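**Student:** Quick one: this structure, given as structure tokens, is what I'll be asking you about.
The values are calculated or read from the model by the stated rules, or taken from the named source; none is laboratory data. The structure presented is a predicted model; accordingly, all values stated were derived computationally and were not measured. In this analysis, Cβ positions are derived from the backbone assuming ideal geometry, glycine residues included, and neighbour counts consider all displayed protein chains. When the accessible area is computed, the model is the full protein with side chains, heavy atoms only, and any ligands, DNA or RNA have been set aside. Shrake-Rupley method; radii C 1.70, N 1.55, O 1.52, S 1.80 Å.
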Amino acid sequence: MKGRLTIAVASALLVVAAAAGSVSARDFGAVYANDLQYRVFGNSANVPDGTGTDPLATFTNSANGQQLGVAEFAPGTIGHHGGRWAVYRATFTGTGDATQLVTSWAELQSLVGSGQIMLVRDPAADFRCPVLGDPSPIG
């Protein structure tokens, strides 16, 4: 009887550990950087508000179903810190085209400079999500 109880408890612990593992590390999808698409992998690392280092823009009003977040850095880019994201919210203004697909930080900055996108820092949204190498072309 004691052996069965031990096996039952061990099995239950394995199920809990497997569930916890899948919650703390999961694939969050992809981001654009330098006109390429990179896979990203989320984890539960603590990133206090306002301590992100790598700029990442998410879009508040994009009308393009292919629009992902846009990162300034990717693996191999000078200045990349491994996906410790400083989050910005990008919003197309009245002069911007919300159907436009934005795939690089340089393009985003150009749209901000021309007044087509407003970019606002959101330090409470900072998080960690490493970018994986081996990017894919867009399209």
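**Student:** Could you please tell me which pairs satisfy a Cβ distance under 7 Å, a separation of 6+ or placement on different chains, a first residue in the stretch 103-117 that is touching a residue at least 60 places away in the same chain (Cβ under 8 Å), and a second residue that is open to solvent by 50 Å² or more (accessible area, probe 1.4 Å)?
**Tutor:** Here the result reads Thr103/Asp35; Thr103/Ile138; Ser104/Asn34; Ser104/Asp35; Trp105/Glu72, each pair linking the stretch 103-117 to a residue that is open to solvent by 50 Å² or more (accessible area, probe 1.4 Å).
**Student:** List every residue pair whose Cβ atoms sit under 7 Å apart, with the two residues 6 or more apart in sequence or on different chains, where the first one lies in the stretch 119-135 and is closer than 20 Å to Gly50 by Cβ and the second, anywhere, is loosely packed, with under 14 Cβ neighbours inside 10 Å and among the hydroxyl-bearing types (Ser, Thr, Tyr).
**Tutor:** Every condition considered, the pairs that remain are Asp126/Thr51.
**Student:** Now for a different question. When you scan the stretch 82-102, how many residues do you find that are more than 18 Å from Asn64 (Cα to Cα) and either in contact (Cβ under 8 Å) with a residue 60 or more places away in the chain or of a type outside the set (A, V, I, L, M, F, W, C) (or both)?
**Tutor:** 4
**Student:** Is there a residue in the stretch 26-48 that is open to solvent by less than 50 Å² (accessible area, probe 1.4 Å), of a type in the set (Gly, Ala, Ser) and over 14 Å from the mean Cα position of the chain (by Cα)?
**Tutor:** no
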